[in-house]
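Worksheet: one structure, shown below.
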Amino acid sequence: MELKRKVNNLFFATGCLVLFTALAVFAGVRQAQRPVSNVIVTIGNEFNNYFISEQEVTALLTRNGNQRLEGARPEDLNLKGLEARLKAHSFVKDAQVYRDLAGNLHADVRQNRPIARLVHADTRQDSYIDDTGSRLPLSGLFTARVVPIARQGGQPLQAAFFQDSTGHRYLDFLRFIDEHPFWRAQVAEVFIGPNGKLSFTQQVGDQRVEFGFPENISEKFAKLMVFYRQIPPVLGWDTYHRVNVEFKDQIICE
């Protein structure tokens, strides 16, 4: 009797499992055949950037309204193609396009983010670079608060400069500033001299900091922090006009 009850329970559980599986398959088939009801755009904005708007994303997805997505049948959607269309935008770092069970089409966008601004004599030629050294155009929606960088003497500085092995060192310098809130707020403008050495002005203090080549970056900034903590509080911010942290274990003030 006990064995018969166990067998019946097993058949019942198996039947329930088959029924639930069938219902899930049926619901999946119905969902897969359901036309698009709404397009939902989500823009990741963890750095408070506003380089691309929901309207721009929608325009890219619909080819400026010429390819309506609401009501589109699933077989007419090329989700990978829609993702590629979004990723072609300069300020889109990544994008995912997918459908949910309610038939909505989702476009999740992660924005690209500049870390520096390449400054030219004609500001209309300015551009940004991201953390890979790739060029980003200026945006009419938002101006990024990033460090400006230029060559001394007015020679234009192009994004391609940061792509080779030499340029990567300067990109590391800009990444360091961007990754540390104190330096991101303190460094006002960076210059690359004819000899390749770096210098920069500051938001607080009249000293021009001579940094040298982009080597031992964290150590040099640590020495500069020692200067901030020990010299200005005692002698004042205007005592020196030049601070050199280029040489190992030395801070030269004049």
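The values are calculated or read from the model by the stated rules, or taken from the named source; none is laboratory data. Quick caveat: nothing in here was measured; it's all calculated off a predicted structure. Cβ sites come from the backbone with ideal geometry, for glycine too, and all protein chains shown count toward neighbours.
Of all the listed residues (E246, E215, E219), the sole one being in contact with a Gly (Cβ under 7 Å, 6 or more places away or on another chain), assigned by TED's automatic domain parsing to the domain that holds H180 and closer than 21 Å to R175 by Cβ is E246.
Could you tell me whether R229 is surrounded by fewer than 17 Cβ atoms within 10 Å (Cβ to Cβ), over 22 Å from V119 (Cα atoms) and assigned by TED's automatic domain parsing to the domain that holds A121? When the stated conditions are applied, R229 passes them.
Only a single criterion out of (1) farther than 19 Å from A188 by Cα; (2) charged (D, E, K, R); (3) modelled with pLDDT of 90 or more is not satisfied by R208, namely (1). Considered as a group, the residues in the stretch 187-215 that are more than 19 Å from G154 (Cα to Cα) and of a type in the set (V, I, T) include one that is nearest to the chain's Cα centre (by Cα), and that residue is V187.
E189 passes every criterion in (1) in contact with a strand residue (DSSP E or B) (Cβ under 6 Å, 6 or more places away or on another chain); (2) among the charged types (D, E, K, R); (3) farther than 25 Å from P137 by Cβ apart from (3).
Yes/no matrix, rows are residues, columns are (1) among the basic types (K, R); (2) surrounded by fewer than 19 Cβ atoms within 10 Å (Cβ to Cβ):
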{"site": "R124", "(1), (2)": "yes, yes"}
{"site": "F142", "(1), (2)": "no, yes"}
{"site": "V147", "(1), (2)": "no, no"}
{"site": "S165", "(1), (2)": "no, yes"}
{"site": "Y170", "(1), (2)": "no, no"}
{"site": "L174", "(1), (2)": "no, no"}
{"site": "I177", "(1), (2)": "no, no"}
{"site": "P181", "(1), (2)": "no, yes"}
{"site": "R184", "(1), (2)": "yes, yes"}
